[in-house]
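See structure below.
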Amino acid sequence: MREWTGRGQRPSRWFRINLWLHRWTSIVATLPFLVLCVTGIALIFHEELDAALGVVPGASVPTQSRIADCLAQATRDFPDQRIISVGLDPERHPGVFLVVLNALEATGFDGAKLSFYDLGTSKRLGESDPSKTFTGVLLELHAEWFMGPLGRLLGALVGLLVTVSLLSGLVIYAPYMRKVAFGFIRWARGQRLTQLDLHNFIGAMVLGWAVVVSATGFMLGFSQVALGLWQYTDLSELRREFAQAEPVDVRSPPASAAQIIAAQEASAPPGWGVRSVIYPGTELTTPRHYGVIMGGSQGLDAQLLDVTLVDAATGRVARKIEMPAYLQAIFLAEPLHFGNYGGLALKLLWALCSLLTLFITLNGAWLFFDRRRARSLAGAV
């Protein structure tokens, strides 16, 4: 390692620790990180891929939204199921009303079906099982490794290893920078030095991006844990508070979701609107209340959520819910992780950085095994 620490100098203990950390965290994380890079590049463009594959059908923007008619049609279309949530996404899917249905006795979203309705005509446009689409399968591999919540924790471990690898790499690169100009590649001094210089140079270029993506990936790995903690603490407290309230018919609450959406949007700040309404009697609500999720359309407001508990019998707001900081942090981590908050230009930048990171991952593995091969040959001689 003299090319990094100076000719004739003995590396410091701090340097040796970081060199060991960089080498072994990188090797352990190489294969899973390659999978994350490849699937992550595709998921950056999941909206474009879904549109090309027709996952979400298109609809014209209506002059008047017929949400009540859409709900009535969904009830007729699926008499043996119940609606557990509805959604609106005017930015990405204008004119489309999203209805999530599940079995009559279901309280969760596992096994749910997503159906699409035209807001202007209330006609059913089609159905989709998000977990079985091309991007849905990729997301399940990327986020859960087909292992459910345990896979998310495994992904968090990979994110932690990569973050440690990046930060330790910065420490061992610093002495090298004092000797060689940034970006200088020693093309004529053998393949190993060329690959080493490329590894250092490209790694330094994408370091900030890679730390953000790895750290947010680590955070997203705990999303299910964070949601479970919120259900166990804040939501349980709300359920105890309203334990004496009379439950409503979860299939047909007295105050319909259409009325709730209209009332909430009428009082919303400019640029804000209803993004999702979760029906009473689910794992995320109480037996009497809707959970209404509001969101903005631009900037930071588009990533933050405002959650309200609304009485399904009267239509009145029962409680504004302050989401804990750890959940808000996870909500912000997702767009940072996938780069889907700044349009196509940002997505292309995210994809380019992913490809460069993919290169230095493979290049770093080659450097490691080439070094071991060279030592073996030297020992044999």
Every residue from the range 13-66 that is of a type in the set (F, W, Y) and modelled with pLDDT of 90 or more = W20, W24, F33, F45
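Test S128 against the stated conditions and say whether it is at pLDDT 90 or above, buried (at least 16 other Cβ atoms within 10 Å of the Cβ), under 23 Å from the mean Cα position of the chain (by Cα) and of a type in the set (S, T, N, Q). Don't jump to the end; show me each part of the working.
Working: at pLDDT 90 or above: no; buried (at least 16 other Cβ atoms within 10 Å of the Cβ): yes; under 23 Å from the mean Cα position of the chain (by Cα): yes; of a type in the set (S, T, N, Q): yes.
Judged against the criteria, S128 is not a match.
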ask   = Looking at (1) open to solvent by 20 Å² or more (accessible area, probe 1.4 Å); (2) under 30 Å from R251 (Cα atoms), can you tell me which one L309 breaks?
value = (1)
message = Can you find a residue that is of a type in the set (A, V, I, L, M, F, W, C), more than 15 Å from the chain's Cα centre (by Cα) and over 23 Å from L19 (Cα atoms) anywhere in the range 158-166?
response = no
inquiry  = Looking at (1) open to solvent by 60 Å² or more (accessible area, probe 1.4 Å); (2) under 17 Å from the mean Cα position of the chain (by Cα); (3) not charged (D, E, K, R), which one does T314 not meet, given that it meets all the others?
reply    = (2)
query = Conditions: (1) over 20 Å from the mean Cα position of the chain (by Cα); (2) touching a residue at least 60 places away in the same chain (Cβ under 8 Å); (3) surrounded by 17 or more Cβ atoms within 10 Å (Cβ to Cβ). L104 meets all but one. Number of the miss?
reply = (3)
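Looking at Q264, Q259, which one is open to solvent by 40 Å² or more (accessible area, probe 1.4 Å) and among the polar types (S, T, N, Q)?
Details: Q264 fails: open to solvent by 40 Å² or more (accessible area, probe 1.4 Å).
Every option except Q259 fails the conditions.
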remark   = Restricting attention to the range 318-370, the residues that are more than 20 Å from the chain's Cα centre (by Cα), assigned to a helix (DSSP H, G or I) and without any contact (Cβ under 8 Å) to a residue 24 or more places away in the chain number exactly 1
ask   = Looking at T25, T39, T75, T30, which one is assigned to a helix (DSSP H, G or I), open to solvent by 30 Å² or more (accessible area, probe 1.4 Å) and not charged (D, E, K, R)?
value = T75
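Please enumerate the residues belonging to the range 234-251 that are farther than 15 Å from D311 by Cβ and in contact (Cβ under 8 Å) with a residue 24 or more places away in the chain.
Our first condition is that a residue be farther than 15 Å from D311 by Cβ; within the range 234-251, this holds for 234-237, 240, 251.
Across the range 234-251, the qualifying residues are D234, L235, R251.
Which members of the range 70-97 meet the condition of being free of Cβ contacts under 8 Å to residues at least 24 places away in the same chain and within 17 Å of S256 (Cβ to Cβ)? Outline the logic, then answer.
If we filter the range 70-97 for residues that are free of Cβ contacts under 8 Å to residues at least 24 places away in the same chain, which is where we start, we get 76, 79.
Correct list: R76 only.
The values are calculated or read from the model by the stated rules, or taken from the named source; none is laboratory data. Computed from a prediction, not measured in an experiment: that's the story for all the values here. Heads up, the Cβs are rebuilt from the backbone with ideal geometry, glycines too, and the neighbour counts pull from every protein chain shown. When the accessible area is computed, the model is the full protein with side chains, heavy atoms only, and any ligands, DNA or RNA have been set aside. Shrake-Rupley method; radii C 1.70, N 1.55, O 1.52, S 1.80 Å.
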